[in-house]
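Reviewing the structure listed below.
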Amino acid sequence: MLLAENTARARALAGGTDLVVDLKHAPGDVDLLVDVSQLPEFGGIGETEEGLRIGSMVTFSELMASPIVNQMTPEIVAASHTVGAVQTRNLGTIGGNLVTCVPSADSAPSLLALDAIVTIAGSDGKRSVPLEKFFVGPRKTILEPHELLVEILIPKKNLGKPSHFIKFGLRKGQALALVNVAAALYLNDDGTVAEPRIALGAVAPTPMFARKAEASLDGKKPDEENLLEAARVAVSEIKPIDDFRASANYRRHLVQTLTYRALKRSTEIASEH
Amino acid sequence: MIVKLKVNGEIRSADVSPETTLLKLLREHLNLTGAKLGCDVGDCGTCTVIVDGKSVNSCLMLAGRASGREVTTIEGLASSEQLHPLQETFEELGALQCGFCGPGMIISAKALLDKNPEPTVFEVRDALSGNLCRCTGYTKIIEAVLDAGRIMSTAEAKS
Amino acid sequence: MATKTKEVLESKVKDSEIEDLTAPDNLKVPAKPALKPVVVPVDKPVVYPLDLPESEIRLRTPAVGQRASRPDGRLHGLGQTQYIDDMTFPHMIFAKILRSEHAHAKILSIDTSEAETMPGVLATLTGAEIPVNSFGPTLQDQPVLANEIVRHAGDGVAAVAALTEQQASDALSKIKVKYKPLPAVFDPLEAIKDDAPKVHAPRSNIYASKTIKKGDVEKALKKSDQVFHKQFKTQMVEHVPLEPHSSVAMWDANGRVTIYSSLGRITLGRDDLARTLGKPMNKIRLVGTIVGGNFGGKNEITTEPILAILSKKTGRPVKGTFTRGDEFISSTTRHPFVMDYTTGVKKDGQILGRKIRLVLDGGSYCSWTSTTLGKGGILAAGPYDIANLLVEAHAVYTNKTTTGAMRGFGAPQVCFAYESHMDDMAHALGIDPLEMRLRNAFNEGSVSPTGQLLQSVAIKESLQQAAERFGWKESTK
């Protein structure tokens, strides 16, 4: 209600690891902060009929400590572990990470790879959209000013889907990703790939799927050649930028190498099953 | 706004403006200057304190959010008779050079050892990855944390 | 659950290929006697200062081979060390500095009138009000607050003192500075060209040079079997001390100034302060306390004169602490070097002659550049006995952050160049890189490039022992 009435200069406060920094740099931009981090309907992790439900205000530390997340979606634990450092993970929330919507958001690729769905609540009710549609541009989501991200759902059919996440930063802790890659796939009985997903971060205005690369691998044997080909196709789909952290060319190179590795590891996990 | 919280076992309160961070509350209102302001954006870890058992960057936590919670700062680790084992091993192993990162390092290490008194080297590194040292004393710091863990688990076993 | 997380953590170790995390035997700390059980303290309020027995290690006689301990280690660990920003004084107020966003511009006007009416603001200051508006440890070429020309994005142009830091920051945005942008130069090789924009017009951009000559290098290069040439470049590096620069200034009614500062060189600082404030040195008391990381970046005054004058204007103690952003744009940094090495060798790897040109990116102001130029030049040939040598080193102004002292004063830059050059030559000649060094290294009684007779020279033994210890021969087979 408060947010709906004061939309222009009000912000919802989650973990604060991004927003508090923004407040320091531009203190005049916000008149009203609404702390949503303790709202019960925004918290909690649990299995429902539709799948695994993660409240948007669940912190990365809570995700990492959750037995159910560890068991059903270990790659979300691995991705959470790459966010900032312990102190950041103790405050930062998965919902906050998605809403801030930086291209390098560490939580995005592994959620995308599992076809996560987000639920949004606003003054005119609730709606659910695939996570891919949630991102609009750098620091821009589909959220209307009166809306909040309530929860994230990993569909039941994707719980336990073989998946692998790789973050590449300039140092191991406290670094923004130069490139993030998450892959997920099943293997058919004949050993061919089914439902491949390749999600990439920090190489386009928003976290993205490499759809053509996925298509190139779908139904094929996951041999060296096909995995490498998918990785090469992924490179053709990205729009990386040059900045002080890395050149666009270096990011292309990383995407190829890391996509290959993520696919390879996902295949290994799938064949162990 | 009035913020009332428990700091190092004592109930404290302060009247602060809403944008005040927990770090400012501690340093400027409660005169607890052990937590330092190093970068003010949550990168360096010099402001680390424990809130309800978890280490956080106090420069990123608004004071209002700490209301009603239990905060442990570096000033709350020693007793009048005894240093905390981490303070003892950091001193003895030379893990403190300029000392500016020390309080944050020790607090992060305490948050780790309280849950896991016998960590691996990797777990120590991981727990300290949000605390920067520029005098490059990480090796000694890691040794000191491992040693303190051993002292703490020995003490626990004997008690 | 804990086990699962642990597995995840441990599998990461494999991923990142951290192999052996334990120290080699010779670097290990001697095993400690059985650990003494201690009572883990319970939560109860502590009263400082504590009166506890001195740590055992502090009572040992210091000796080679024993672990050293710091006399202030305990205070650091207790969080009781008072760094400058931990200090507070009655009625203390806070200063913030407005910095230029232009790399090179003429200041047309500075209007602080609106800032002065902002809530909490007690005083403002511009460079025109500073008695002697220049400082520097070697050349006094840096304004305390720029009032005519800004020479890099980060030059201070005006200051505000207010009751809170937030009020001071808010008031900065109300100061109106009119600039006329000037052409700027950012590359030291561009800056040495005749038509480059002059950073300190009308003076040349080359503001310090050093030449070291030994023997006849041209003749030696001609006599060589092979001549190698390569250019090496290094980047700008910020010290990033975890403690940002911080000072508190108090101007008393007797006209004495007391300044608490995170400055390392207090006598030099006192001298610079006396000069800028136009006061005799005995009126200035500078208290240096524990420094939270210096690394060469806290070797000269920064905002101290500004705080002192703001204290005079307001009658209050004034504190000024850099933000992390201030640290990056307006404290000193390590010089980027452009290093051209030309070396003539015989087939067996013996160096006959070496020619070196160093161009130091000296940033917008001199700071400790001359010292860095000297040391970089003297050490540029490396620890090698080279009979014919020519080193030409130049420091050049650019419209970038000031470069100054940083650990090694230029030694790390030239070391990167001469050792990389050595490896390149060894590979090209098919000589083992260690052997290449042994054939050229200083001997007892060698003469350094600047003519010093060297004694107690142990470089060859050190190299050989080190190579043996880490298995050089095996690793290069």
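The values are calculated or read from the model by the stated rules, or taken from the named source; none is laboratory data. Fair warning: this is a prediction, and the values are worked out from it, not measured in the lab. Neighbour counts run over all protein chains shown; Cβ positions are idealised from the backbone, glycine included. Keep in mind that these areas ignore ligands, DNA and RNA; they rest on the heavy atoms of the full protein, side chains included. Shrake-Rupley method; radii C 1.70, N 1.55, O 1.52, S 1.80 Å.
When the range B:140-159 is examined, which residues are found to be more than 7 Å from chain C (Cβ to nearest Cβ) and open to solvent by less than 30 Å² (accessible area, probe 1.4 Å)? Result: B:141, B:142, B:144, B:145, B:147, B:148, B:149, B:153.
When residue C:222 is tested against (1) open to solvent by 70 Å² or more (accessible area, probe 1.4 Å); (2) in contact with a helix residue (DSSP H, G or I) (Cβ under 9 Å, 6 or more places away or on another chain); (3) not assigned by TED's automatic domain parsing to the domain that holds residue C:313, only condition (2) is not met. Taken over the range A:54-77, the residue count meeting the criterion of being part of a loop (DSSP other than H, G, I, E, B), more than 14 Å from the chain's Cα centre (by Cα) and within 12 Å of chain C (Cβ to nearest Cβ) is 1.
The number of residues in the range C:244-277 being open to solvent by 60 Å² or more (accessible area, probe 1.4 Å) and either at positive phi or in a strand (DSSP E or B) (or both) comes to 0. When both residues are 6+ apart or on different chains and their Cβ atoms are under 8 Å apart, which pairs have a first residue that lies in the range A:1-19 and is modelled with pLDDT of 85 or more, and a second that is open to solvent by 20 Å² or more (accessible area, probe 1.4 Å) and aromatic (Phe, Trp, Tyr)? Every condition considered, no pair remains.
Of all the listed residues (A:229, A:214), the sole one being open to solvent by 40 Å² or more (accessible area, probe 1.4 Å), of a type outside the set (Gly, Ala, Ser), without any contact (Cβ under 8 Å) to a residue 40 or more places away in the chain and not in a loop (DSSP other than H, G, I, E, B) is A:229.
Do the conditions hold for residue B:17, that is, is it over 15 Å from the mean Cα position of the chain (by Cα) and more than 7 Å from every other protein chain (Cβ to nearest Cβ)? Spell out the reasoning first.
Values: over 15 Å from the mean Cα position of the chain (by Cα): yes; more than 7 Å from every other protein chain (Cβ to nearest Cβ): yes.
Spelling it out, residue B:17 is indeed over 15 Å from the mean Cα position of the chain (by Cα) and more than 7 Å from every other protein chain (Cβ to nearest Cβ).
Is it the case that residue A:86 is facing another protein chain (nearest Cβ under 9 Å) and buried (at least 21 other Cβ atoms within 10 Å of the Cβ)? Outline the logic, then answer.
Working: facing another protein chain (nearest Cβ under 9 Å): yes; buried (at least 21 other Cβ atoms within 10 Å of the Cβ): yes.
When the stated conditions are applied, residue A:86 passes them.
Which of the residues spanning the range C:308-354 are free of Cβ contacts under 8 Å to residues at least 60 places away in the same chain and open to solvent by less than 10 Å² (accessible area, probe 1.4 Å)? If the condition is that a residue be free of Cβ contacts under 8 Å to residues at least 60 places away in the same chain and open to solvent by less than 10 Å² (accessible area, probe 1.4 Å), then C:308 is the only one that fits.
Residues that are among the charged types (D, E, K, R) and either within 13 Å of residue B:150 (Cα to Cα) or more than 10 Å from chain C (Cβ to nearest Cβ) (or both) within the range B:114-127 comprise B:114, B:118, listed in sequence order. Figure legend. Inter-residue proximity from the range B:132-147: first residues under 17 Å from residue A:171 (Cβ atoms), second residues among the β-branched types (Val, Ile, Thr), beta-carbon distance below 6 Å, spacing 6+ or different chains. Indicated pairs: B:134/C:240; B:142/B:124.
Can you find a residue in the range B:101-113 that is of a type in the set (D, E, K, R), within 9 Å of another protein chain (Cβ to nearest Cβ) and either touching a Leu at 6+ places or on another chain (Cβ under 7 Å) or buried (at least 24 other Cβ atoms within 10 Å of the Cβ) (or both)? Working first, answer last.
To start, the set of residues in the range B:101-113 that are of a type in the set (D, E, K, R) comprises B:110.
Filter again for within 9 Å of another protein chain (Cβ to nearest Cβ), leaving none.
Checked against the condition, which is being of a type in the set (D, E, K, R), within 9 Å of another protein chain (Cβ to nearest Cβ) and either touching a Leu at 6+ places or on another chain (Cβ under 7 Å) or buried (at least 24 other Cβ atoms within 10 Å of the Cβ) (or both), the range B:101-113 yields no hits at all.
Out of the residues in the range A:83-123 that are touching a Gly at 6+ places or on another chain (Cβ under 7 Å), β-branched (Val, Ile, Thr) and not in a strand (DSSP E or B), state the one that is farthest from residue A:172 (Cα to Cα). Going through the qualifying residues, I end up with A:88. Considering the range C:361-477, the qualifying helices (runs of 4 or more DSSP H), each wholly inside and each with 1 or more residues that are open to solvent by 50 Å² or more (accessible area, probe 1.4 Å) and within 30 Å of residue C:202 (Cα to Cα), run over C:369-379.
When you check residue B:91 against the structure, is it closer than 17 Å to residue B:58 by Cα, of a type in the set (Asp, Glu) and away from chain A (no Cβ under 14 Å), yes or no? So residue B:91 fails the test. There is no residue in the range C:227-241 that is more than 30 Å from residue C:354 (Cβ to Cβ) and in a helix (DSSP H, G or I).
Hey, can you tell me all the residues within the range A:124-173 that are within 14 Å of chain B (Cβ to nearest Cβ), part of a loop (DSSP other than H, G, I, E, B) and open to solvent by less than 70 Å² (accessible area, probe 1.4 Å)? Listed by number, the list holds a single entry, A:173. Of all positions in the range A:23-39, none carries a residue that is part of a helix (DSSP H, G or I), open to solvent by less than 40 Å² (accessible area, probe 1.4 Å) and more than 14 Å from chain C (Cβ to nearest Cβ).
Out of the residues in the range B:30-77 meeting the condition of being of a type in the set (D, E, K, R) and either open to solvent by 20 Å² or more (accessible area, probe 1.4 Å) or touching a strand residue (DSSP E or B) at 6+ places or on another chain (Cβ under 7 Å) (or both), tell me which one is nearest to the other protein chains (Cβ to nearest Cβ).
B:54
The condition (being within 14 Å of chain B (Cβ to nearest Cβ) and open to solvent by 40 Å² or more (accessible area, probe 1.4 Å)) is satisfied by just one residue among C:88, C:117, C:138: C:88. With respect to being without any contact (Cβ under 8 Å) to a residue 40 or more places away in the chain, farther than 30 Å from residue B:36 by Cα and touching a strand residue (DSSP E or B) at 6+ places or on another chain (Cβ under 7 Å), residue C:112 falls outside the description.
In the set (1) open to solvent by 20 Å² or more (accessible area, probe 1.4 Å); (2) more than 7 Å from every other protein chain (Cβ to nearest Cβ), residue B:80 fails one condition alone, (2).
For the structure I just gave you, tell me whether residue A:177 is aliphatic (A, V, I, L, M) and in contact (Cβ under 8 Å) with a residue 12 or more places away in the chain.
Working: aliphatic (A, V, I, L, M): yes; in contact (Cβ under 8 Å) with a residue 12 or more places away in the chain: yes.
Yes: the conditions hold for residue A:177.
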